[in-house]
Structures are given as structure tokens and as C-alpha cells.
Amino acid sequence: MGQEGSPPQPEGVSSLLDTDLYKLTMQCAVLKYFPDVHVTYGFTNRTPDMQLSRGAYKWILQQIERLGSIRVTPDEIAFLKKRCPYFNDGYLDFLSSFKLKPSEQLVATFTPEQDTGSDSDKGSVEYLVKGLWLDTILYEIPLLSLTSQAYFMFIDKDWDYSNQEDKAFRKGCTLLENDCAFSEFGTRRRRDYHTQDIVMTGLQRAVEEGKKNGWSGVFTGTSNVHFAMKYDVNPVGTVAHEWYMGIAAITNDYRNANEMALRYWLGCFGEGVLGIALTDTFGTPNFLDAFRKPVPAPPTDSESSVRDPKKTYADVYTGVRQDSGDPTQFVKMVREFYHQQGIQQPKTIVFSDSLNIEHCLDYKSISEEAGFKPTFGVGTFFTNDYINTATNEKSKPLNIVIKIASANGRPAVKLSDNLGKNTGDKSTVLEVKKTLGYVEQTWEAGDEGNRWSK
């Protein structure tokens, strides 16, 4: 494995900023509003036939132990001050001394199908993360990226780095030439750190090619804060389902959870900042019920300007992110919603669900025809697009997720716009569906076990 002349695979994760921006933005908001909330996180492999080995598990344990020795550096804090002015001094001070404590906060287990004691024994890996939300929120992304890397180091080893930079370059050129605004979102399921580094190099080449040719597309940056710093581009992202799931579990008020999550977010960062709302935590129809509500005025002693009492969350937020379900139906639903609200100014839709070039171009056409400004967060298609050298067929990525499982002792669940993405305690899921009048949604491209296998 590996291409001649390529550097060796780096050992796992070496920076706390080697994560998605929305983990930091949510940590900032948790520090402000929920610093004493206890949570748990659970791991799901949506491709359960793709098992790891005991040897892979041992390697993961070594990398988990190393996470406890990583600190945010002064240079990294300086970068955040420069590129992320929405982070307040209190949060940056907190982050500068922050450390993970895996020996106290994380339990990883391996269950072999047949236990011979060999490192080659195949089985399932599980993670249980527990502790204060504030202290454990940064485990998700490194655990996912390490698990993916372990699989392709120990199980599927018939691949190399050949043509990865050119492949990323060609993909970037196609998107830029077709007037797409897009970012790189691939950390969670990357093949390894080196792959993401290669991809970023190829995309930067595409940007230079676009400048020479006068292409109108825009590479907006990467969700990975470490790589944003390394390549001097913008870190991109806003919020994850975790924020909505956590608040719903803390309050046990699912009817109003979306509205509370939107309101707290504005309270932390203000209007016009990080203004892309995520719609599908409890189904987009339920979210839109909250999105049409008026935004409460700030406290009288607030330094914020007086808010127009007629403004709704839909007015204040710059747009929405589509992360599950049928994008065509989503665009129609949201277009009708904005029309009913009398909102004329162009809004943004961020597409982020299992994208490839074809999907980006299709969704661009659909959303622009409906009057939206589309942008695309392309992930696994960039950072885990390989061919098996022995079979010359697609080397299938893992489909793995880590989600918040409980907050203050109550289950945290996610309903999504696609049945395959529903997450959490089954009895709570059923109860919340009944409370919200949630209707199951499926679509022909929604097979969660086969998202990137073609």
C-alpha cells in the first residue's frame, strides 16, 4: 500500500483542530449555555458487513491514548482569531488549555465473531463516550477518522495513492467550471490524513486553474480547521444535529426544541453569523414550524440592536442545510415555505448528503431554478474515492457515525428526512414521532448501507 515517493501514513490525529468547524462552534455555544450538562455518545456502523480486526482495534487504542496528549497551540489560537472572529475571548481562553481525557471519558471495545486470540480475528468495534458535553464534544471526528483509517490499514489494503491529487484536481475543475460554490467536507470518513492532504493540494491546483481560465465557481474552503490553517483557506461549517438533539433531550420538549436551538444559536453568535440552519433533526416539516416563528427581542441591557418584532427565524438566518431525504422534494418544500412567509431575498441551500459531481450539478440546477443560492459540502467523494488494485473495482468506504446518545440522563434521538438515518433509543424515537406527528420518509437513493459503493 502506498505510492512510491509518497510520505508514510501519519499516525492518526495530531491536532485538536483536525476536526470539523461545527464541533468548535457547538463547543463555544455549550460553554455559554450548557457547561454542566452530562452526555453520552454512541457509535453506529451502517455497513456492519465491513468489520475490523483485533489488530486494527489495538492500533485504534494506541491512537485514542495519544489524543490525551494533544493541546491547541498558540499558532492555532492565532489562526482562529484571524479566520473565526465569531469565537469570543472566553472560548479561546478555554480552548487554549483544553485537553481530552480518554482514560476517563472513553471506553472502546472489540467483539470478535470467532475468538482465536489472533490479531486477524474479525469483529465489531464499539465506542462509548461519556462526560460533560463541554469536555467530550471533540471526540466524534477523530474517532471516526481513526476508525476509517484503521479499516484501510488492516482490512482493505489493496489500494494506493496513485492519481489521487489529479482526481481531486479534475473534480474541482469540473465544479468550478460549472459555476459551483463548494467546500471540502471529508474528514469524518477519509481514508487517512495523507489522503485529505492530497485532496486539498489538488483542489488548490483547481482554484489556480480556475483563475487562469476565468471560471466563475468558488472553492469556499474546508470544514477541517487544521487543513484550513495549513492551506490558508476559510474553515467552513455551522452546526450539527447534535445541537438540536442535545437541547431536545435536556429540555424534554420536542415540540419547541428546534426553536430553542435556533434562539440559543443567535444568542451565542448574533445575526448574520454562522447563519445556516440545519432542518432535518426531527423532520423538516417540524423544523419549518419553528422557522416561521418571530425571533424574541434581546434583553433590554443587551448591546445588540433592537430586533424588528416582525422578523422570523427564516428572515434572520441566511439559509438552510439539506442533509437527508430527497433533495428535489426538499427544494420544493423550502421554496413554498419562503414564498408563504413573503421572503423575497435570495436564501442559501447547503447540500451535504452523499454528494458527487453529478449530484452537485443536478441540485444546482434544481435549486437555482427555484431562486436559491446553492453551495455544496463534498465529503467522502473527495477523501475516500479509491479503486481496489486487485479487482479494479470501487474500494467501498465505511459508513460510520457517532451521535450524541443522551443528555442529562435522557435519550437523544434524531428522526431525519430519511428512515435510514434515524438514530437513538427506539422507544424514544417512537414517542417523539407520535408527539410531532412525524411521517416516515424514504427515497430511492437513500440506502444508508451503500452510499458510496458505485
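Restricting 234, 256 to those that are farther than 24 Å from residue 81 by Cβ and either open to solvent by less than 30 Å² (accessible area, probe 1.4 Å) or not assigned by the TED database to the domain that holds residue 409 (or both) reduces the list to 256. Just a yes or no: is a residue in the range 420-432 surrounded by fewer than 15 Cβ atoms within 10 Å (Cβ to Cβ), modelled with pLDDT under 95 and at positive phi? No, the range 420-432 has no match at all.
Please state which one of 126, 113, 140 is surrounded by fewer than 12 Cβ atoms within 10 Å (Cβ to Cβ) and either under 22 Å from the mean Cα position of the chain (by Cα) or not β-branched (Val, Ile, Thr) (or both). Give the steps one after another, and end with the answer.
Numbers: 126 fails: surrounded by fewer than 12 Cβ atoms within 10 Å (Cβ to Cβ); 140 fails: surrounded by fewer than 12 Cβ atoms within 10 Å (Cβ to Cβ).
From the options 126, 113, 140, the qualifying one is 113.
Number of residues in the range 166-192 that are part of a helix (DSSP H, G or I) and crowded, with 24+ Cβ neighbours inside 10 Å: the value is 3.
Among the residues of the range 1-43, which ones are farther than 30 Å from residue 93 by Cα, touching a Lys or Arg at 6+ places or on another chain (Cβ under 9 Å) and modelled with pLDDT under 95?
Within the range 1-43, the subset farther than 30 Å from residue 93 by Cα is 1-9, 43.
Next cut, touching a Lys or Arg at 6+ places or on another chain (Cβ under 9 Å) only: 1, 43.
Answer for the range 1-43, where residues must be farther than 30 Å from residue 93 by Cα, touching a Lys or Arg at 6+ places or on another chain (Cβ under 9 Å) and modelled with pLDDT under 95: just 1.
So, in the range 216-245, exactly how many residues are of a type in the set (D, E, K, R) and in contact (Cβ under 8 Å) with a residue 12 or more places away in the chain? Give the derivation first.
Looking only at the range 216-245, we keep the residues that are of a type in the set (D, E, K, R), and these are 230, 232, 242.
From the residues that got through so far, the ones that are in contact (Cβ under 8 Å) with a residue 12 or more places away in the chain too are 230, 242.
Looking only at that region, the number is 2.
Name the single residue that is modelled with the lowest pLDDT among those in the range 309-351 being of a type in the set (Ser, Thr, Tyr) and surrounded by 20 or more Cβ atoms within 10 Å (Cβ to Cβ). Can you show your working first?
So the first thing to find is which residues in the range 309-351 are of a type in the set (Ser, Thr, Tyr), and the list is 312-313, 317-318, 324, 328, 338, 348.
In the following step, the residues that additionally are surrounded by 20 or more Cβ atoms within 10 Å (Cβ to Cβ) were identified as 313, 317, 324, 338.
Details: 313: 98, 317: 98, 324: 90, 338: 98.
Ranking the candidates gives 324 first.
When only residues in the range 393-413 that are open to solvent by 40 Å² or more (accessible area, probe 1.4 Å) and out of contact with any Gly (no Cβ under 8 Å at 6 or more places or on another chain) count, which is nearest to residue 49 (Cα to Cα)? Looking at the filtered set, the residue picked out is 396. Filtered by the rule that a residue be open to solvent by less than 40 Å² (accessible area, probe 1.4 Å) and not hydrophobic (A, V, I, L, M, F, W, C), the range 372-392 gives 374, 375, 377, 379, 380, 383, 384, 385, 386, 388. Among the residues making up the range 116-158, those that are farther than 24 Å from residue 391 by Cβ, polar (S, T, N, Q) and out of contact with any helix residue (DSSP H, G or I) (no Cβ under 6 Å at 6 or more places or on another chain) are 116, 118, 124, 145.
Just give me the residues in the range 333-364 being under 24 Å from the mean Cα position of the chain (by Cα) and in a helix (DSSP H, G or I), in sequence order.
First pass over the range 333-364, keeping only residues under 24 Å from the mean Cα position of the chain (by Cα): 333-334, 347-364.
Matches in the range 333-364: 333, 334, 357, 358, 359, 360, 361, 362, 363, 364.
Where helices (runs of 4 or more DSSP H) fall wholly inside the range 229-331, the ranges with 1 or more residues that are over 21 Å from residue 133 (Cβ atoms) are 284-291, 313-316.
The values are calculated or read from the model by the stated rules, or taken from the named source; none is laboratory data. None of these values were measured; they are calculated from a predicted model. Note: ideal-geometry Cβ built from the backbone for every residue, glycine included; neighbour counts use all protein chains shown. For accessibility, only protein heavy atoms count, side chains too; no ligands or nucleic acids. Shrake-Rupley method; radii C 1.70, N 1.55, O 1.52, S 1.80 Å.
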